[in-house]
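The values are calculated or read from the model by the stated rules, or taken from the named source; none is laboratory data. No experiment lies behind these values; they were computed from the predicted model shown. We place every Cβ from the backbone using ideal geometry, glycine too, and count neighbours over all the protein chains shown.
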Amino acid sequence: MATWARRCSWVRCCPEPVEDAPLFDDLAEGPPGGRALWLRSEDKVRLRLVHWPGGDAGTVLLLPGRTEWAEKYGPVAAFLAARGLHVLTPDWRGQGLSDRLVADARVGHVGGFRDYQADMDAICAAARRLGTPAPLFVLAHSMGGAIALRWLIDGGRAAAAAFSAPMWGIVLPRGRGPLARVLSLGARLARADGRYVPGTGPATLLLDAPFEDNPLTGDPAQFARMAAHLRARPELALGGPSLRWLGEALAETRALARLPSPPVPALTGLGGRESIVTPAAIEARMARWPGGRLDRFDDAGHELMMERAALRERFLEAAAAHFHKAGRAG
């Protein structure tokens, strides 16, 4: 198992035994035997991690996007478990049931994007303690795709990676990129960077916007399922990002764009109706990822794993086949 652990000691990252955390099984619809755990990152942030057991084909780090929570991915975990894969899904710092980082718990905030790497260290430490099987695979959505790419570039060891609409660039209104950077810097200097990005607030799209023309999914049942989670457990909800989060995210995507692709087999899915992350940044990255593959889903929105059944299953089948091929090669 140590062959795939990131360069951190689980004794340093996770000095105390992991403790049970809440898991809302009635919402998750995950595979049997799921368990949620509290972890503590090296910088003392409390994180929630959900482990869904599978077979002996390996372990998938299923890394969510901004605003998301572990139970949302229960059906995805069930799909992967049926194919012999354990699944570990975190609530990133600042969202889900993990520690919120500013007084207004609805603000999507982070001190720096590198902080998410401390979350990754804690997750890997927990995987070692839990004894989940090698090889390790990464399945990352949106913001999770930026975190995963940084982790892989910095030496994180995975046999293969699959990405769903990775956040390697952020869609902003034309000409607003420089303004967003200036606003973020100004708010930071004024110690007001924990405030919402202008035009956002505590509202969440799933509860405060209609299904029609939403950018996430074309499946009304999936949209309703996600909204039902937040109505049942409002503590999982997250609103708009903070000015600090936006500034850090823009800086991280610019930095990642300058770096070479890691030597890991990669598969990326991109929807034809993508409007949240930048398709051009994804296309550019995959064009220079040796052995990488970009699959397009013309009628899909941002969330391929929450799309209509045919699109969702096509992406997940491709990801599972990608993992199994890499596992056999290793």
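Could you say which residue among ALA122, ALA126 is crowded, with 24+ Cβ neighbours inside 10 Å, in a helix (DSSP H, G or I) and among the aliphatic types (A, V, I, L, M)?
The unique qualifying residue is ALA122.
Looking only at residues in the range 43-61 that are within 14 Å of TRP92 (Cα to Cα) and in contact (Cβ under 8 Å) with a residue 24 or more places away in the chain, which one is surrounded by the most Cβ atoms within 10 Å (Cβ to Cβ)?
Per the stated criteria, the residue is VAL50.
In this structure, is ALA77 in a helix (DSSP H, G or I) and crowded, with 24+ Cβ neighbours inside 10 Å?
yes
From the residues in the range 81-100 that are more than 16 Å from the chain's Cα centre (by Cα) and in contact (Cβ under 8 Å) with a residue 12 or more places away in the chain, which one is nearest to LEU243 (Cα to Cα)?
Taking the candidates together, the pick is ASP99.
Find the residue count for the range 129-144, including only residues that are assigned to a helix (DSSP H, G or I) and more than 20 Å from the chain's Cα centre (by Cα).
Total satisfying the criteria: 2.
Which of the residues that make up the range 271-284 are touching a strand residue (DSSP E or B) at 6+ places or on another chain (Cβ under 8 Å) and of a type in the set (D, E, K, R)?
GLU283
Please count how many residues of the range 159-183 are modelled with pLDDT of 95 or more and more than 30 Å from ASP299 (Cβ to Cβ).
1
For the range 285-318, how many residues are closer than 20 Å to GLN222 by Cα and among the aliphatic types (A, V, I, L, M)?
8
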